[in-house]
1. Between Ala64, Ala72, Ala42, which is at pLDDT 50 or above, among the aliphatic types (A, V, I, L, M) and more than 25 Å from Lys127 (Cβ to Cβ)?
2. Looking at segment 99-109, is at least one residue among the hydroxyl-bearing types (Ser, Thr, Tyr), closer than 19 Å to Lys127 by Cα and in a strand (DSSP E or B)?
3. For segment 54-80: of the residues being in a strand (DSSP E or B) and more than 13 Å from the chain's Cα centre (by Cα), which is surrounded by the most Cβ atoms within 10 Å (Cβ to Cβ)?
4. If you scan segment 95-127, which residues turn out to be of a type in the set (Lys, Arg) and closer than 13 Å to Ala50 by Cα?
5. Search segment 13-39 for residues being in a strand (DSSP E or B) and within 18 Å of Val107 (Cβ to Cβ), and hand back the single one that is modelled with the highest pLDDT.
6. Can you confirm whether segment 110-122 contains a residue that is over 17 Å from Arg40 (Cβ atoms) and under 13 Å from the mean Cα position of the chain (by Cα)?
Amino acid sequence: MSICTTGRANYPAEMYIAKLSDGADVASLETRTPAGEALRIASAPNPFRAATQIRYVLPGSGHARVTVFDAAGRHVRDLIDRHESAGAHLVSWDGLDEEGSPVSAGVYAYRLSWKGVRGAGRVLLLK
């Protein structure tokens, strides 16, 4: 399941969960900004052992942040925290925390934040 929020109570986002693509376990999230722009995020493979690719599409340039959290909501690692151009981007998570130590097997959430809009999903790390 994927979730999205706007961070502002009067700034509702809409969530669209796409069907799984042919043979791949990829769920896609599309969040609409108030201007009607689409913010998309998806991950594959899921579940994963060595690494998973998080793909996201930004409707415009601006500061973007992709963060990984454990099942208890604790910060695990920032994958990106920088200005990004509009368009498609890809970041890999190798199952390591901020210090470079391997994390335990389990469910992890990833969150994309861009201009007050957030999109999120979950991945399952197998050992």
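1. Selected residue: Ala64, the only one of Ala64, Ala72, Ala42 that is at pLDDT 50 or above, among the aliphatic types (A, V, I, L, M) and more than 25 Å from Lys127 (Cβ to Cβ).
2. For segment 99-109, residues among the hydroxyl-bearing types (Ser, Thr, Tyr), closer than 19 Å to Lys127 by Cα and in a strand (DSSP E or B): present.
3. My answer is Val76.
4. Of everything in segment 95-127, just one residue is of a type in the set (Lys, Arg) and closer than 13 Å to Ala50 by Cα, namely Lys127.
5. Restricting to residues being in a strand (DSSP E or B) and within 18 Å of Val107 (Cβ to Cβ), the top hit is Leu29.
6. no
The values are calculated or read from the model by the stated rules, or taken from the named source; none is laboratory data. Fair warning: this is a prediction, and the values are worked out from it, not measured in the lab. As a convention, Cβ positions derive from the backbone with ideal geometry for all residues, glycine included, and neighbour counts pool all protein chains shown.
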